[in-house]
Amino acid sequence: MWVVALFDLPTDDADARRAYTIFRKHLLGDGFVMLQYSVYARHCPSEENAGVHSRRVESWLPPDGEVRVFTLTDKQFERIQIFHGRIRRPAEAPPQQITFL
């Protein structure tokens with residue numbers, strides 16, 4: 001199961017940029033990886049664990065902006081189509097089935 005966080009946070013002043021940076025560092029520290037700008041995902045071994053990480057994202061919300069979180073099964077994530085421009089980059093490698101932290 002995958003937890004995906006999409007966010008649109010303001011960066012128009014120093015305080016907003018600081019809040020954006022702190023939020024992003026929380027995501028990275030919790031094992032999320034950047035799929036695109038402002039789109040981060042994390043693999044979870046179960047739906048229960050995905051709920052834990054979704055609640056963590058909620059606890060890190062900055063005072064302004066919008067964050068959306070949703071889950072995808074491994075099969076749904078596998079079916080994501082990636083389109084590239086002229087310069088192609090390899091897609092992310094899927095995680096191993098079992099992860100130990």
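Are there strands (runs of 3 or more DSSP E) fully within the range 1-79 with at least 3 residues that are in contact with a helix residue (DSSP H, G or I) (Cβ under 6 Å, 6 or more places away or on another chain)? List them.
In the range 1-79, 2-8 are the strands (runs of 3 or more DSSP E) which contain 3 or more residues that are in contact with a helix residue (DSSP H, G or I) (Cβ under 6 Å, 6 or more places away or on another chain).
Look through R18, R24 and report the one residue that is over 24 Å from A93 (Cβ atoms) and basic (K, R).
Matching residue, one of R18, R24: R18.
Can you tell me which residue in the range 1-40 is modelled with the lowest pLDDT, limited to those that are of a type in the set (S, T, Y) and in contact with a strand residue (DSSP E or B) (Cβ under 7 Å, 6 or more places away or on another chain)?
Per the stated criteria, the residue is S38.
For V4, indicate whether it is surrounded by 15 or more Cβ atoms within 10 Å (Cβ to Cβ) and under 24 Å from I80 (Cβ atoms). Break it down stepwise before answering.
On the way: surrounded by 15 or more Cβ atoms within 10 Å (Cβ to Cβ): yes; under 24 Å from I80 (Cβ atoms): yes.
Spelling it out, V4 is indeed surrounded by 15 or more Cβ atoms within 10 Å (Cβ to Cβ) and under 24 Å from I80 (Cβ atoms).
Among the residues of the range 16-27, which ones are surrounded by 13 or more Cβ atoms within 10 Å (Cβ to Cβ) and within 12 Å of the chain's Cα centre (by Cα)?
F23, R24, H26, L27
Checking the condition surrounded by fewer than 16 Cβ atoms within 10 Å (Cβ to Cβ) and either of a type in the set (D, E) or touching a Ser or Thr at 6+ places or on another chain (Cβ under 8 Å) (or both), which residue from P10, P45, P63 passes?
Selected residue: P45, the only one of P10, P45, P63 that is surrounded by fewer than 16 Cβ atoms within 10 Å (Cβ to Cβ) and either of a type in the set (D, E) or touching a Ser or Thr at 6+ places or on another chain (Cβ under 8 Å) (or both).
Taking the range 28-87, which residues are free of Cβ contacts under 8 Å to residues at least 24 places away in the same chain and of a type in the set (K, R)?
R55, K75, R79, R86
Could you pull out the residue among G85, G51 that is within 10 Å of V3 (Cα to Cα) and either over 13 Å from the mean Cα position of the chain (by Cα) or exposed (fewer than 15 other Cβ atoms within 10 Å of the Cβ) (or both)? Full working, then the answer.
Working: G85 fails: within 10 Å of V3 (Cα to Cα).
Being within 10 Å of V3 (Cα to Cα) and either over 13 Å from the mean Cα position of the chain (by Cα) or exposed (fewer than 15 other Cβ atoms within 10 Å of the Cβ) (or both) holds for just one of G85, G51, which is G51.
The values are calculated or read from the model by the stated rules, or taken from the named source; none is laboratory data. This is a predicted model, so every value here is computed, not measured. Using ideal geometry, Cβ is built from the backbone for each residue, glycine included, and neighbour counts are taken over all protein chains shown.
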